[in-house]
Every structure is written in C-alpha cells, then in structure tokens.
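Structure first, commentary second.
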Amino acid sequence: MVFLLPSCWQQSSTPSLQQSLIANRFLEIDQSTLLDPQALEGRRIVRPQGVVIPLLNAWIKEEATFSYCLFYRVPTDERAGKMYLEKHNDFTECHFGGGEIVLEYSPLWDLRVTQSEKDIRFQYRIDKGGNHTESFSFLLGGTLLLAKNWGDINEDEFLGGLASSYRSGRFEYCLQYDENCQDVITNECQRCRFGSYPVVSAKNCLTEKAQRICGPNDCGRRGAPACFRGMSFKKAEFSKNGVSCYEGSEAGFCHQGLRTYCDGEVLICL
Amino acid sequence: MSIFARIKSVNKIKLIFFVSFLLFALLAMVSLWTKKFAEDDTSLALKALELQRIDQAARKIDSWWREGVSVSRYLQSDHCQEFTLEAERYGERILECNPEVIKCLLSKELPDLLFSWRWVHFTEFLQVETFGKKVTISSAHHTRTLLLPHTCHELTLLAGKYPLAASDGDRQNYWENHQQKIKVDKFQVNWRDFKLWKSFIAADNPLDPRQMRESEQKYSPAYGMTRQEMRDFCQFFGKELLSSHVFDAISLFPRKLEREGRPHFNLSPIPWSHRASDGHLYQAQQWKKQHGADKRFEVDWQMCQRVFSYECLDRYAEKLYQPLSPTWSGAFQVLGGYMEAVENKISPRSNLVPSSFYFKAASSMHQLTKRIYWDGQGHKARNFNWQEYPVNEEDHFKVAFRCMRDISQ
C-alpha cells in the first residue's frame, strides 16, 4: 500500500473529505485517466445535471488486483454534487455501482479538475453560490501502462470471420448458456476479430448477461437477429412468463416493416 | 639447528623456487579475480543504468501516449515544433495516442535506445478488444515491450436509457445499455487513420489522387468513401459504423421524465441545452423570419464552435478542423462541419446526419435527430434525398463517418 504524502494536500482541504481519504488510504496514485471531457479541459463540471459521471480511473502499483474509480454526481439546482470513490476488483472501465464504495462525500458545488504532470487537483465549493473554495490533490506517481513482454499475436487465436452471419447459418457464439443458464462457452468475446453483439436468446435465462455472437453485427435486417434492446427488456416485466423470445417481443427491434419472431434459437426479424 | 639449515643447499634452492612460484601464482590469481570482479561490477552498473533508461523511456511513452495536453505543453518549450503547429490547427487531442509525436520526442530525448513500433490487435489486455501499438524498447542488454491501446479517442456511453427512433419524434420508445459497454469514436475518422487502414488492407491499392491530395490534412475528417468502405474500415478495427440511435444517445441533451412507467425523453435539437430556443440556431431562425433568407445572419466564433454552419466558412475557414464543443458524452463534430453517415437499424433510409456547412444556421437540417437518405454510393447531389437543398450545388458533397463497438462485459 502506498502511503499518503502530506505534501499533496492543501491546507484548505475540507477536513472530513481529507480524513475520509486518509482513512481509506487512497493516496498517491501510480496511474490515472481523467474520464470526463469537462474535467480534461479544466472546466467547471456542470453537465449532465443530476447524473453520476466517472471522473477518474486510477490504480496503484502495489495493489495490482484492483483499481479505483472516482465518480461525481453533477449538482442540479436543487441538489448538491456528491463524490463517490469505488474500489473495483478488475481493471475494466468505470461503471458506477460496479465496485465497493469506499467513500462518499457531499455537498460539493462548482467542481473543477486541473491536471499537471505531478498531480490532479480537485477544486470545489462546499456552499452553493458562496466563496468557500476548497481543494485537494492526488499526487501522481506515474507508472507503466503495461510492462509485460508479449509475443506476436497469432491470427489463429481470433474467433469469427467477416463472412460469419446468423442469416447464413455460419456463426459462432462467444458467450452462450445451456438450458440451465450456465455458461456453455465462457466469455470469449474479446477474441472476436470483428467484434461481437448480443442477441435475445430463446432460452429462459434472466441472467445479467446476454448471449453473444461473434462477427459483424447486421442486426435488424430480415432474417438476422433482432437488435438487442437491453437487459431490462429481457426481464419479467417485458416478457411472457419469463421468456422474451416470442412473436412481437419488444426485447429486440428491427427495420421498419419487419417484426420480431422467435426461431427457436434467438429473436429474429422477418 | 633449524630445519632450514639442515636442508641441503641444492634442495634449498629448489624450495625457494617452489615457494616463489606459489607466491607468484597466488598473486596472479588474486589479480585476475580482482579484475574480474571489477569488470562484473562495471557491467552490472551499466546494465542497471540501461534498465533505468528503459524504465524512464517507458514512463515517458506511457504518459505521452495518453496526455495530449501535457505533450502540447512539452512541445511548446522544446523540440518537434511541427506538432505544435498541427495541434494549433486541429486541436491538442491529436497529440493523444499519436505515435509520430512520441517517436519525434524520443529521438531527441533518448537517442541511445532503440524503439520498434508495430500495430497489433491485442485481445487479452484488460479485456480490451482493440488495436494498439506494440512498442519494443531495446538497449544492449535489455528489451521491454509496451502495449498501448489505440483507445484515446473513444468515449464510453454511460449506462442508462436512451431514446429509440428519436428521428420520428417518439419520446417514449427507448433502449438501454446496462451490462453492455458501448464505445464510440469521439471524432469522425480522420485521413491519417484512413490511410493507415488502406496500408493494412492493400499496399498495392493506395489512395486515389483526390484522396492523396486531401489526406495531407491528416487530422481532418476523411470523406469520399462509399458506405461499404466505411463499414469495412470500422470492421477492420473490430468495430461497426455508428448506429443512428447511438448517435442520438451520445448527442441528445440528457433529460428525461417518467410517464406511466416509461421514460419520456427530452428531444431538444441541440446538444447544449434541453431548450430548443437556447442558442444561436433559434436566433438565426428568428432572424430569417424577420428579415428573409437573403439578409445575412452574423456568426461569431462561439457560434461556429457549436455548429460550423455555412456562414462560418467565410469567417473561420481555417478553424474548420478544430474539434468543436463536445456533447455531454464527450462526442465532437455532431452538428455542422461535415455530414455524417450512420447505420439506421430501424429506418434504413434515414441514414445520414445532414447538419453541415452546406446549410445556413437557420436551416432545419441542424437538428440532432434529423436524418436524410444517402445511397452510399456517390457524392453528387443526386445521390442524396435532400429535404432541403444545400446553399450551393457542389460537385462532391463531403460525408464523414465514425465507428462504435459493443463490448461484452
């Protein structure tokens, strides 16, 4: 664990936020990415109001198995802004709710982030419209994005060709379930050379993942899988007896003039 | 009498020789060992120094790769000035994920190291399916490899509900992307990346003369492709041509209410406000109503940053390639500038965002959800189904594009 460097804190920092960060030992960070365009440009973060946006993705060399995501709920006229720090067990993108919240802090107004080669500074007000400005900064250690030796990539390792399509019957899943909703193919979609896309399966699985097919996405066309409309459409309120693959299902959408049908495998457009 | 005195004189001489030889051999061995250790020490120190240099280089590459703005500050105070000029012309973001800039800086900063750069497709790194640069840094005794994903210019669409079929004005129909990760190019595909793709797919099929000429503006949007070429480009990089409903999602001002359990979306035609009357497009429409279409509506740079309309061409032609104001999601170049091809999964014939410098600010074409038809084959006026004619008849209407990808979680 890296230790907090007192020098990276401003004297005027809000004690509670500062103390929270210290208590959580979120300290010098080795690598970080600012995620919001307003933050990148050093502007006041005012959009989108009321929405929790990712601000910063950071990780620490000594804690190689997880990363930190800093989120900010942008203030509205009525509600103050709020900062959340989440600890994520992987290095994937920052999605709010995707990890354990290690601290929350409010009220914040007029947050502005500035970045230098040495630190990332957060300035804000704790009183709406007032002059009480405070700030804190994370000192940047800076480390490697990757420091691993890689061999040449073998094209044979890829799945799914350009010609693969559901309509032609030449396709392969990169994520598939069996009748009991257990993974038949564990997620291999990162190996798809031309990407992958989710489909509405005929299987009665309301799991948090959709089955995915490898290859170019031609969803919505006649004979092709219907375009996936989202997980909530797979769930009970949008499905019949927990099944979302049936004629006229809203779980997928098609080109105008076509309608969704279940071909026994996936929801398609005809 | 000592033992030595009792030894015969001949043997004494032999003994002296023998002892001298032993001493000499011992001295020689000590000398050799000392020299060897000294050499080992020097070699180790050199190797450690090389490692430090490589580590230093790797850190620099990593930071320069991701931080266009920092690089810009660095350039201004140092060498590689040509990139400063490019950054002024196209915006500092062109310095992010830019191998040319880094190569230039490295050649001046760390001339003692060897760098090899290759484009690769890597599939395992942090579950990112993408292309990137594989950089090998070598010194006399060490080699280190970095993988730099070519993802600086992508935005991730936040999980949420977004309008579907927004171009039909349907405020309640929606889709959502929870448990889906959708990444979209922040900018329209530029000539540099288009040329790169061409070099991958066909070394013997270079750009045509017009494309060669235009591609000198390397960070400006690439245009003049057929729709199939655009699809091929995106597919090569594991992506797909941007869908119309995703264009809506990244550009429409996010504000929604619930009505009878379904979201009710604000479909403001402009990305910077939920009120259509907020901003200069509305002023231009009012101006046109009051003064007629012929009296010129004056624009300033702030207006042109938001929507690079026909009026901006005269005053700010040199700034056309500056990245204009981002939408809430971080997407640029959504209104004005070049027309943009999209893939419409619901109404396939509504497949072009017409807002561009072909239309005046007062035109109804400058609306986020507005779509017209482009046959995807040619670029003459007859290849488009204009709902409103452009100000000027052109020989070649410029259509740009961008890509997106839907990644498994």
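Coordinate-derived values only; no laboratory data. None of the values given here were measured: they were computed from a predicted structure. FYI the Cβ positions are ideal-geometry reconstructions off the backbone, even for glycines, and counts take in every protein chain you see.
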Query raised in the report: Whole-Hz Karplus ³J(HN,Hα) for region B:314-319, in order, using 6.51 cos²θ - 1.76 cosθ + 1.60 and θ = phi - 60°, x for Gly and Pro?
Result: 5, 8, 10, 3, 5, 9
Report task. Take peptides B:180-192, A:189-201 and line them up by average Cβ neighbours within 10 Å, highest first, as a rough protection proxy. Result -> A:189-201, B:180-192
Requested in this report: Per DSSP H run of n ≥ 4, the term is -39500 (n - 2.57); total these for chain B, divide by its residue number, and report the mean residue ellipticity at 222 nm rounded to 500 deg cm²/dmol.
Outcome: -11500 deg cm²/dmol
Report task. Taking 7 Å along the Cα-to-C-beta vector as the label spot, tell me the B:Glu388-B:Leu313 distance in nanometres, rounded to one decimal. Result -> 1.6
Query raised in the report: Looking only at other chains, what is the average number of their beta-carbon atoms within 10 angstrom of each beta-carbon in A:188-200?
Result: 6
Query raised in the report: Using 0.36 nm per residue, how much length does the chain from A:Glu247 to A:Arg79 gain when fully extended, once their Cα-Cα distance is taken away?
Result: 56.1 nm
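Would you mind giving the mean number of other chain beta-carbons within 10 Å of the Cβ of each residue in B:401-408, as a whole number?
Rounded to a whole number, the mean comes out at 5.
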Query raised in the report: Where the centroid of each part is defined by its Cα atoms, how far is region A:245-270 from region B:335-383 in Å?
Result: 28
Query raised in the report: Averaged over A:225-232, how many beta carbons belonging to a partner chain fall within 10 Å of each residue's beta carbon?
Result: 5
Report summary line: Diffing region B:83-90: the Karplus 3J(HN,Hα) column from phi (6.51, -1.76, 1.60, θ = phi - 60°), in whole Hz with x for Gly and Pro, holds 6, 4, 5, 5, 5, 5, 6, 10
Report summary line: Here the FRET efficiency for A:Ser168 versus B:Gln377, based on Cβ atoms and R0 = 35 Å and rounded to 0.05, is 0.90
Report summary line: Cα-Cα longer than 27 Å, checked against B:Lys256/B:Lys295; B:Lys161/B:Lys195; A:Lys209/B:Lys60; A:Lys82/B:Lys181; B:Lys289/B:Lys380, kept in input order, equals B:Lys256/B:Lys295; B:Lys161/B:Lys195; A:Lys209/B:Lys60; B:Lys289/B:Lys380
Requested in this report: With θ set to phi - 60°, apply the Karplus curve 6.51 cos²θ - 1.76 cosθ + 1.60 along region A:263-270 and write out the HN-Hα couplings as whole Hz, x wherever there is a Gly or Pro.
Outcome: 8, x, 10, 9, 7, 10, 10, 9
Report task. Based solely on C-alpha atoms, express the radius of gyration and the Dmax of region B:186-338 in angstrom. Result -> 18.8, 59
